[in-house]
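Heads up, the thing below is written out as structure tokens.
The values are calculated or read from the model by the stated rules, or taken from the named source; none is laboratory data. Remember, it's a predicted structure, so these values are computed and weren't measured experimentally. Neighbour counts are summed over all protein chains in view; Cβ atoms, including those assigned to glycine, are modelled from backbone coordinates with ideal geometry. Accessible surface is based on the protein model in full, side chains and every heavy atom, while ligands, DNA and RNA are left aside. Shrake-Rupley method; radii C 1.70, N 1.55, O 1.52, S 1.80 Å.
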Amino acid sequence: MDSPKTLSRDLKNKMSIKYDYEAVVIGSGFGGSINTCRLAKRWPGAVLLLERGRRYPMGSFPRSPYDIANSFWNLLPEQRKRPKTIAAQEAHGLFDIRNFDHIDAVVSAGLGGGSLIYANVFLEPPEEVFDDNWPAAARKEALQPYYAVSKEVLGARPVPQSSDPRRKVIRTELFQAFAQSEGRESKLLDINVFFGNDFENPTAIGLQEKNRYGAVQTSCVYCAECDLGCNTHSKNSLDLNYLHVAEHQYAARIETEALGQKIAPLNERGEEDPSATGEHGYRVYWLDLKNGHVECSALSRRVVVSAGTLGSTELLMRCRDLHKTLPGISQQLGQHFSANGDFLSFVIDGKKPANPNYGPVITQGTDYNLLKDFDRKHAFILEDASYPNFAAWYTEGIRPGLSHFHAFVRTVRLMASRFLQGLGSGHIGYAFNELLKGSLSYTSIVLLCMGIDKGNGVMSLCKEGFIHVKWPYRDNRGLYDAIERMGKRFRDWTGAKVFVPLPNWLWPMKRNVTVHALGGCRLADSPQRGVTSAAPETFGQVFGYQGLYVADGALLPSAVGANPVATISALSERVAEGITGIRPTADL
């Protein structure tokens, strides 16, 4: 036991270190935003958030072909493999696409992280998901209060049902009818979309009002553009709740276009020391991307790493293996990568109307042995998905030319008659109707599935020092095959011409795509089984490092099958409670 003199000296040294912040949070996705808000409430004016992406005020998300083509993430010093069109230019765009072995991943860069482009669904997985890979303190029963509070903050609720014809979403009814034909249950899902503050009496479509946290939002306009960033701020993204309160009420400092680079523990003199274990705090380094990648740093008593599954795992790996500043991190780092069973497919040109260009991007879920009659080997959920109107125009444009040839000839002839013979203008309207009445996009369907994959992918650093994933896709063929069989039945039920799994999945590529990367820093009861502690008093803390936490999808010990936002949020609320000692409520 240390002597009183030693304890006194250590306390004096701690007090002599001039900390810039009580906490630095790296990343502003669900884990980062929740912790920024909760920690800033505990230490007003003393929390720094670093976000590599930009702010996106209302109306600022790209929509034109030129702007969207330039909305991808690319940093020249990283020298990642990129298409030639963007490889030579620095870009701090919204979409970051990563290519790995047999799997690609799409992640977001912007203030609010993945909430800017996700599909809004807040869905709790069933208790059966929480198997022996999950420590007792992180299972469903223990997390239930945190699910409840994050759901309330995020404003999750089903799409309103009313007699207003503008509230009718045709594809919802289509998926419900298909579920009935399959003997399956379809239910409206809770979605984090703003329909007004009163759930019982939704605000009229398109009207604006302040939400309960003081941010201005628009009652959902049903534009089907959720996955591209909501230009009307109808999506309850994190910049409109947790981050809004953190910045405007608790004076958190938010730095955007600031890329976290290195975390170094300090010794009792405030010097960087790789043998230190965090009891004296950390120096955090980042690049100021707005100003020529200038390196900046700050001293903090504690650090919360919330850069997403890929970003958090990569940063900690670089600190352990390249910078050698955190050499004691568990060798379990990077293990148990999961794609959460993501599988995207399309049913094209059916005989039943779908109108996938209208409404929130997801409205319902059809259960296949996930929420009921749980079957771990084949458990998944089918969700309806929409895509924006401009994509529908593109879909019609790529149809075989002959299919519109006669309509085009008729249109030209009637236009000529209009100007040469004074033909009534109504006929011109009929001619344009003939030209544009194609139903390919109107009767095509997007099938979005998530399920319980084996979660046995491995993340490591490639020779250039960046994250790489090896995904044993063959191990998950049972799940993928079950999803494909369902998709073919959907094709037959609608009388569609073709069922197309994600094109990358076709032979010989066999590459899946995930938007729900999970794992790598999983919670456990010991460093032999994971990277972060599940003990109640140190929940989310990296084993061996006091005051160093992870709070994002990297914590999850396995796939959850359901959209993982709810579980990530619940775990992140639990991490924040352990740091601050304050029980969270929806009154931020």
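From the residues in the range 247-275 that are among the aliphatic types (A, V, I, L, M) and part of a loop (DSSP other than H, G, I, E, B), which one is farthest from R320 (Cα to Cα)? Give the derivation first.
Within the range 247-275, the first condition is being among the aliphatic types (A, V, I, L, M), and the residues that meet it are 251-252, 254, 258-259, 263-264, 266.
The next check asks that each one be part of a loop (DSSP other than H, G, I, E, B); those that pass are 251-252.
Numbers: A251: 32, A252: 29 Å.
Going through the qualifying residues, I end up with A251.
For the range 207-217, which positions are farther than 10 Å from G196 by Cβ, in contact (Cβ under 8 Å) with a residue 40 or more places away in the chain and touching a strand residue (DSSP E or B) at 6+ places or on another chain (Cβ under 6 Å)?
Scanning the range 207-217 gives a single hit, V216.
Here is a list: R399, R418, R410. Which entry is at pLDDT below 90, open to solvent by 40 Å² or more (accessible area, probe 1.4 Å) and in contact with a His (Cβ under 9 Å, 6 or more places away or on another chain)?
Values: R399 fails: in contact with a His (Cβ under 9 Å, 6 or more places away or on another chain); R410 fails: in contact with a His (Cβ under 9 Å, 6 or more places away or on another chain).
Among R399, R418, R410, only R418 is at pLDDT below 90, open to solvent by 40 Å² or more (accessible area, probe 1.4 Å) and in contact with a His (Cβ under 9 Å, 6 or more places away or on another chain).
Out of H233, H244, H280, which single residue is outside any strand (DSSP E or B) and on the phi > 0 side of the Ramachandran plot?
Numbers: H244 fails: on the phi > 0 side of the Ramachandran plot; H280 fails: on the phi > 0 side of the Ramachandran plot.
After applying the criteria, what remains is H233.
Taking the residues in the range 118-140 that are open to solvent by less than 10 Å² (accessible area, probe 1.4 Å) and part of a helix (DSSP H, G or I) as candidates, determine which candidate is nearest to S526 (Cα to Cα).
The extreme case among them is A138.
It is to be established whether one or more residues within the range 35-45 are more than 23 Å from the chain's Cα centre (by Cα) and at pLDDT below 95.
The answer is no, given that none of the residues of the range 35-45 is more than 23 Å from the chain's Cα centre (by Cα) and at pLDDT below 95.
Between residues in the range 158-180 that are at pLDDT 95 or above and residues that are of a type in the set (K, R) and outside any loop (DSSP other than H, G, I, E, B), which pairs lie under 8 Å by C-beta distance while being six or more apart or on different chains?
These pairs meet every condition: V159/R167; P160/R167.
Of everything in the range 167-226, what is among the β-branched types (V, I, T) and open to solvent by 40 Å² or more (accessible area, probe 1.4 Å)? Give them in sequence order. Steps first, please.
Taking the range 167-226 and keeping what is among the β-branched types (V, I, T), we get 169-170, 172, 191, 193, 203, 205, 216, 218, 221.
Across the range 167-226, the qualifying residues are I170, V216, V221.
From the list R283, R302, which residue is in contact with a Lys or Arg (Cβ under 9 Å, 6 or more places away or on another chain) and charged (D, E, K, R)? First the steps, then the outcome.
Numbers: R302 fails: in contact with a Lys or Arg (Cβ under 9 Å, 6 or more places away or on another chain).
None of the other options fit; the residue is R283.
Which of the residues belonging to the range 141-160 are charged (D, E, K, R) and surrounded by fewer than 18 Cβ atoms within 10 Å (Cβ to Cβ)?
Of all residues in the range 141-160, those charged (D, E, K, R) come to 141, 151-152, 157.
Correct list: E141, E152.
Checking the conditions here, which among R301, R376 is assigned to a strand (DSSP E or B), out of contact with any Pro (no Cβ under 6 Å at 6 or more places or on another chain), open to solvent by 50 Å² or more (accessible area, probe 1.4 Å) and of a type outside the set (A, V, I, L, M)? Working first, answer last.
Details: R376 fails: assigned to a strand (DSSP E or B).
Result: R301 is the single residue among R301, R376 that is assigned to a strand (DSSP E or B), out of contact with any Pro (no Cβ under 6 Å at 6 or more places or on another chain), open to solvent by 50 Å² or more (accessible area, probe 1.4 Å) and of a type outside the set (A, V, I, L, M).
What are the residues in the range 61-89 that are assigned to a loop (DSSP other than H, G, I, E, B) and either without any contact (Cβ under 8 Å) to a residue 24 or more places away in the chain or under 19 Å from the mean Cα position of the chain (by Cα) (or both), if any?
We begin by selecting, within the range 61-89, every residue assigned to a loop (DSSP other than H, G, I, E, B); these are 61-64, 70-71, 75, 79-83, 88-89.
Correct list: F61, P62, S64, N70, S71, K81, R82, P83, A88, Q89.
Quick check on my filter: what residues within the range 348-380 are among the aliphatic types (A, V, I, L, M), at pLDDT 95 or above and under 27 Å from S441 (Cα atoms)?
Result: V361, I362.
Looking at the structure I just gave you, is L287 of a type outside the set (K, R), open to solvent by 10 Å² or more (accessible area, probe 1.4 Å) and in contact with a Phe, Trp or Tyr (Cβ under 7 Å, 6 or more places away or on another chain)? So that I can check it myself, show each step before the final result.
Numbers: of a type outside the set (K, R): yes; open to solvent by 10 Å² or more (accessible area, probe 1.4 Å): yes; in contact with a Phe, Trp or Tyr (Cβ under 7 Å, 6 or more places away or on another chain): no.
For L287, the condition - of a type outside the set (K, R), open to solvent by 10 Å² or more (accessible area, probe 1.4 Å) and in contact with a Phe, Trp or Tyr (Cβ under 7 Å, 6 or more places away or on another chain) - is not met.
Could you look through the range 90-110, keep only residues that are touching a Leu at 6+ places or on another chain (Cβ under 7 Å) and part of a loop (DSSP other than H, G, I, E, B), and pick out the one that is surrounded by the fewest Cβ atoms within 10 Å (Cβ to Cβ)?
Quick first cut of the range 90-110, residues touching a Leu at 6+ places or on another chain (Cβ under 7 Å) only: 90, 92, 94, 98, 105, 107-110.
With the extra rule that they be part of a loop (DSSP other than H, G, I, E, B), the set shrinks to 90, 94, 109-110.
Working: E90: 12, L94: 21, A109: 28, G110: 31.
Here the answer is E90.
If the Cβ limit is 9 Å and pairs must be 6+ apart or interchain, which residue in the range 93-107 that is within 14 Å of S460 (Cα to Cα) pairs with which residue that is open to solvent by less than 10 Å² (accessible area, probe 1.4 Å) and in a loop (DSSP other than H, G, I, E, B)?
So the pair list comes out as F100/W471; D101/W471.
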